[in-house]
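Reviewing the structure listed below.
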Amino acid sequence: MKKSFTYGLLVTTALLLGACSSKGSQSSGSKQKTLNVSIAMEPSTADPNTYTDVYSGSMLTQTLEGLYHTTNTGKVVPGVATKLVKPTDHGTTYTFNLRKNAKWQNGKPVTAQDFVTSFDRQVDPKTKSQYANRFISFKNYTAVQKGTKKPSALGVKALGKHQLQIKLSAPDPDFNFKAAGEYYPINTAAVKKWGSKYGTSSTKTVSNGPFTLQNWDPSKGSWVYKKNKEYWDAKDVKIPDAKVQVVKDPTTAQNLFAGGKLQETLISGGFVKQDAKRYPKEIVYTKKGTLSFLNFNSENKTTSNKNLRLAVSNSLNRQQLAKNVMEDGSTPAKSFVPDGENTDPNNGKNFNSELNTNTAYNKQKAQQYWQAAQKQLGTKKVSLNLLTEDSSDQKKLGEYIQSAVESTLKGVTVTLTSVPQQQQLSRMFGKKYQVTALGWSTDFPDPSDYLNLMTKANSVNFTHWSNPQYEKLMAKVNNTAKYQGEQRWKLMVQAGNVAMSQQPIVPTHGCPLGFFQGGRLKIFIFN
């Protein structure tokens, strides 16, 4: 899973047909033919240092390779690195030897400097990367972000043309997963040539992964992934190219698939059940952990009210939402963390089972919280605007939230605003919203990745919520040099309980069927 915002359905790769339970068609009969696939939205960039959306993430998955990558079963395996590295210096230093036959599409070698260039560029405040904190565990990250040290001080160094060293500020138990899904190289010469325009089109993008990017810019509704002949493992890439087209309407995508115009596409809602009967041999089920939720802007007077948030949360019948509204294999969210995101090292219990509270529907509690909110806000009526992406699934979610809240909380009016994905992101980063629906998937199976979404320093804390007790607990959770194992787990449970009592994020539904790491087309379809 790519760590990115998910909108409606998570597609970890553009070439995986999937609803919330990731259902895909197998194309084993077309090994030497062009594959025709669809994606639900336009990617915004091919720049690994600046992307934020899952659709751009899917593009990068096909065209770039990091130190490691993952198989379709979630196993981390070597990518550009020749082997999986065991850290030294008490788990803080990694030294990688890179494949000498790893090349960019122009035939130039992938060097250690290409990784350094990428990492330094992403943490450089001038780049304005919303995901700079991917490197938060690297030595000197905080100083670089504050501007007290130059980006070159980040804990990454080229020891030679094909040897890379990474130094962390503390051991990171999930480092291998991040190295497989977050730490991409970038072509140093291309960045010097194109600067901030890198990744704005296929002509300003250089690939080192299984496929190159052809005929793309953000305004286009179609493009091509062409087999990268310079890729070190090109022999395992079984098709010459894949044609991708943006198909936003699921009915249109379904018709194109049924008519043979697409070999893989995104299905959602009722189509999941329908296609399970219609194409029983062509649907493949995979597992992954994702979570969809509502973010409440804590800098807005109305939505900063804790009792209002809890009233909305208790108004939602998540069982009904998953089964009767989403209809795609979704499951009710139990907390901010999907089930299956690691277990208690002491007793093997699931994270959510150890929390004091859950997200069960409770009309009486919802109304009690609403009464308390009315007193605190000094009003009997409140109007909430819910911002969503303009996809069919997000619109269905919005309509359900609107109906559930208005029918339960007398005096609350919910209006819906649906905009293209990039406009939604822009408004979220600009704090121009009250409530917004989005989702999260992770690169590593640990509750901390979800819990950190609500920490003050997190660049994607769209809630802008901050709680002193929560900050102290999460600071300890993230201090992996001192807190590990059962002690760290207990701290995460404590932090989860604090957040559940406040709910700056109101979880709705997810796909907590297990941890799934998606890699490249060659893995999904042919291996």
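Quick rundown of the values:
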item	result
Candidates per trypsin sites (Lys or Arg not before Pro) in the range 223-263, loop by DSSP, up to 15 other Cβ within 10 Å	Lys229, Lys261
Considering only the chain, percent of DSSP beta bridges that pair antiparallel, nearest 5	75 percent
Cα pair count fraction exceeding 17 Å, expressed as % - the range 74-202	58 percent
Unit charges on C-beta of K, R, D, E only; dipole of the chain, Debye	700 debye
Nearest-20 debye value, the range 58-204 charge dipole, Cβ charges on Lys, Arg, Asp, Glu	500 debye
Non-local Lys pairs in the range 395-510, i.e. 8 or more apart or on different chains, that have alpha carbons under 15 Å apart	7
Normalised convex hull volume, the range 145-211, alpha-carbon set, Å³ per residue	149 Å³
Mean Cβ count within 10 Å, highest first, over the residues of peptides 484-491, 309-316	309-316, 484-491
Rounded tilt (10° steps) of 54-63 against the dominant C-alpha axis of the chain	20 degrees
Helix axis angle, 112-123 relative to the chain longest principal axis, alpha carbon, degrees	20 degrees
Calculated Rg and Dmax of the range 325-411 using C-alpha coordinates, Å	16.8, 48
Relative contact order of the range 119-251, defined on C-alpha pairs under 8 angstrom at six or more residues apart (%)	13 percent
Spread of Cα-to-Cα distances over 10 Å intervals beginning at zero, given as percent, for the range 398-477	15, 36, 34, 16, 0
Cα-Cα separations in the range 82-124 greater than 16 Å, expressed as whole percent	54 percent
Angle in degrees between helix 485-502 and the longest Cα principal axis of the chain, rounded to the nearest 10	50 degrees
Between the range 347-370 and the range 183-260, the Cα center-to-center distance that results, in Å	43 Å
Centroid-to-centroid separation of the range 70-100 and the range 440-455 [C-alpha atoms, Å]	22 Å
Lys/Arg +1, Asp/Glu -1 at C-beta; the chain dipole; positive extreme among His90, Leu159, Trp223	Leu159
Descending semi-axes in Å of the chain, equivalent ellipsoid built from Cα gyration tensor	36, 29, 21
Percent RCO, i.e. relative contact order, over the chain, from Cα pairs under 8 Å lying at least 6 residues apart	22 percent
Positive-pole candidate from Trp465, Tyr279, Ala333, dipole of the chain, charges at beta carbon	Trp465
The range 429-496, accessible area per residue, ligands and nucleic acids excluded (1.4 Å, Å²)	37 Å²
Options Gly439, Met492, Phe175, ranked by Cα towards positive dipole end of the chain, top entry (Cβ charges)	Phe175
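The values are calculated or read from the model by the stated rules, or taken from the named source; none is laboratory data. This one's a predicted model, so the numbers in the text were calculated from it and none came from an experiment. Reconstructed Cβ throughout: ideal geometry from the backbone, glycine too, with neighbour counts over all protein chains shown. For the accessible areas, the whole protein counts, side chains as well, though only heavy atoms, and no ligand, DNA or RNA atoms are used. Shrake-Rupley method; radii C 1.70, N 1.55, O 1.52, S 1.80 Å.
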